[in-house]
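In what follows, a structure is listed as structure tokens, so that the remarks can point back to it.
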Amino acid sequence: MAKDMSYEALNERKNQIMKDALQINYEAFELEGIGFDYERMMHEVGYSMEEMRKIQLENGVGDTPLLELRNLTALARKYAPKGKGARIFVKDEACNASGSFKARRAAISVHQAKKLGYKGVIAATSGNYGAAVAAQAAMHGLKCIVVQECYDDQKIGQPEILEKQRICEAYGAEVVQLTVGPELFTTFLGLLEETGYFNASLYTPFGIAGVETLGYELALQCRTRCGKDPDAVVCTNAGGGNLTGTARGLLKAGAVNTQIIGASIDLSGLHMASNHDFNKKSCTTGHTGFAIPFVTWPDRSDCPRNAARTLRYMDRYVTVKQGEVFYITQALAVLEGYERGPAGNTSLTAAFALAQQMEQDQIIIVQETEYTGAGKHTMPQLTFAKQNGVEVMFGDPDTEISGKTLVFPEEPAMIRAREYDLEKAKKSYIYNCVKNYHMEHATEEDIQYIMDEIRESKAFVVSELKKHDIDI
């Protein structure tokens, strides 16, 4: 008798499907109440730093250069107060096989799949991770399927997403293209069950630990170049794995005083699951429509427990505007001679503004770049925006309205890093704990788990829980 492949049936079987596709017993890490032992999971499931660096280097990943952006630093100092204007560096992750930092995640995940004897790997992503998994699968002789949310209901896709489809297919992957909506996860589950392939998820301990090498390398390179640890590292933030892995790597390198800053493009007002809004955005990753839901509830991922947990590591969170990111993308090319794709330029935009608030002897590092290609260039994205009714103009970026206008700054002084209220995000996380676990009371273990998750005091956590009528 054929299995029921309906949405409801697949989701009922999802825990077993995930267990078969990962061979991780997540239940072993569960604690009494709402929590789980995050550090134990990362330690027992993952690899050592030495092992990961060896695996990555054998597969064209890692040891990427740290570049000083002298001309952008000089431009930032032009607009900074006297004595301000930190040195801006960038870790050029476009030098990895497949052209982005996500090759670090993919190298460890695909290695694990090969080690466990899987015949193929599957990843659900519309982005660079699909290309990274496809490239690593090709190196290891494994089959690869990439499930991609690609179109609106008129089968119109964004240039950047279509570019990623092209590169995944170039590496030999089968790309399953879907319209925006809930079918992505259901299709993904069905394919995992049908093929018996490995779930090369972005959010496993393998995927997150793979990024730890980035933070680790970055700290060592900064010490060699500058004789000190970076004062701040800016990470483009979407699902949280980039920031989480980089922060953990910095800590493992002993860079305990480096400030970790998350940066996302402000897409307030656009709903990412909305067919109407899907093509109104001019960026496909690193935006608030993706990041905020994951910051405030990481366990919405395709794993029982998400290994990307940004509130454990993020010291500050800032947002930038789409027009500012396009501007800095072009500035990087014409001032520094580096043409790079838009995702890493989100954190570069933030770093350009943040550097102006820092002392000149301080160091701020943008921890990733990505490859560029036909669909990732500025002009196709701007043309697509105009075709979708978005007005493109010069002016004050603060006037930009997501989905309606895209505003380039009239001068670099207008580029800003807008502070996002992390306390608000932490309160939202606590509310989601109450709602998703149907909490009526909280044990000492529950309270400690939330304290660890959001890096807040017991008084803060208890106060918020009481606001939701939770018995302490």
Subset of the stretch 132-167, residues part of a helix (DSSP H, G or I) and modelled with pLDDT under 95, comes to P159, E160, I161, L162, E163, K164, Q165, R166, I167
Note on T288: of the conditions (1) among the hydroxyl-bearing types (S, T, Y); (2) in contact with an Asp or Glu (Cβ under 9 Å, 6 or more places away or on another chain); (3) surrounded by 24 or more Cβ atoms within 10 Å (Cβ to Cβ), unmet is (3)
When every residue in the stretch 253-279 that is under 28 Å from F384 (Cα atoms) and either crowded, with 23+ Cβ neighbours inside 10 Å or modelled with pLDDT of 95 or more (or both) is compared, the one farthest from the chain's Cα centre (by Cα) is F278
Restricted to the stretch 1-47 and to residues being in a loop (DSSP other than H, G, I, E, B) and hydrophobic (A, V, I, L, M, F, W, C), the residue most open to solvent (accessible area, probe 1.4 Å) is M1
Subset of the stretch 458-467, residues open to solvent by less than 60 Å² (accessible area, probe 1.4 Å) and of a type outside the set (F, W, Y), comes to V461, V462, S463, E464, L465
Of the conditions (1) in a helix (DSSP H, G or I); (2) within 24 Å of the chain's Cα centre (by Cα), the single one that D398 does not satisfy is (2)
Exactly one of A425, A331, A442, A350 is in contact with a strand residue (DSSP E or B) (Cβ under 6 Å, 6 or more places away or on another chain) and either at pLDDT below 95 or of a type in the set (A, V, I, L, M) (or both), and that residue is A350
Pairing a residue in the stretch 1-28 that is more than 10 Å from E193 (Cα to Cα) with any residue that is assigned to a loop (DSSP other than H, G, I, E, B), where Cβ atoms lie under 6 Å and the two sit 6 or more apart in sequence or on different chains, gives Y26/P304; Y26/R305
The condition from (1) of a type in the set (A, V, I, L, M, F, W, C); (2) at pLDDT 95 or above; (3) crowded, with 24+ Cβ neighbours inside 10 Å that A124 misses is numbered (2)
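Of the residues that sit in the stretch 134-169 and are more than 18 Å from M18 (Cα to Cα) and among the β-branched types (V, I, T), which one is surrounded by the fewest Cβ atoms within 10 Å (Cβ to Cβ)?
I156
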The one condition L250 fails out of (1) over 17 Å from G344 (Cβ atoms); (2) out of contact with any strand residue (DSSP E or B) (no Cβ under 8 Å at 6 or more places or on another chain); (3) crowded, with 22+ Cβ neighbours inside 10 Å is (2)
Practice prompt. Report whether or not N237 is buried (at least 24 other Cβ atoms within 10 Å of the Cβ) and at pLDDT 95 or above.
Written response: yes
Flagged in the stretch 411-426 as among the small types (G, A, S), part of a helix (DSSP H, G or I) and farther than 13 Å from D315 by Cβ, in numbering order, are A413
Selection from the stretch 331-351 of residues small (G, A, S) and buried (at least 24 other Cβ atoms within 10 Å of the Cβ) yields A343, G344, S347, A350, A351
By residue number, the members of the stretch 31-64 that are touching a strand residue (DSSP E or B) at 6+ places or on another chain (Cβ under 9 Å) and without any contact (Cβ under 8 Å) to a residue 60 or more places away in the chain are D37
Out of (1) open to solvent by 10 Å² or more (accessible area, probe 1.4 Å); (2) touching an Asp or Glu at 6+ places or on another chain (Cβ under 8 Å); (3) among the hydroxyl-bearing types (S, T, Y); (4) under 30 Å from D37 (Cα atoms), the one Y429 does not meet is (1)
Of the residues that make up the stretch 286-298, is at least one touching a His at 6+ places or on another chain (Cβ under 8 Å), part of a helix (DSSP H, G or I) and free of Cβ contacts under 8 Å to residues at least 60 places away in the same chain? yes
When M451 is run through (1) touching a residue at least 24 places away in the same chain (Cβ under 8 Å); (2) part of a helix (DSSP H, G or I), the failure sits at (1)
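Matching residues to (1) under 23 Å from R166 (Cβ atoms); (2) open to solvent by 60 Å² or more (accessible area, probe 1.4 Å); (3) under 22 Å from the mean Cα position of the chain (by Cα):
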position	(1), (2), (3)
T329	yes, no, yes
A353	no, no, yes
E359	no, yes, no
A425	no, no, yes
Within the stretch 63-113, of all residues that are part of a loop (DSSP other than H, G, I, E, B) and open to solvent by 30 Å² or more (accessible area, probe 1.4 Å), the one nearest to P230 (Cα to Cα) is P65
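The values are calculated or read from the model by the stated rules, or taken from the named source; none is laboratory data. Since this is a predicted model, take the numbers as computed values, not measurements. Quick reminder, even Gly has a Cβ in these numbers, built from the backbone with ideal geometry, and neighbours come from all protein chains shown. Each accessible area value is taken on the protein alone, full model and side chains, heavy atoms only, with ligands, DNA and RNA left out. Shrake-Rupley method; radii C 1.70, N 1.55, O 1.52, S 1.80 Å.
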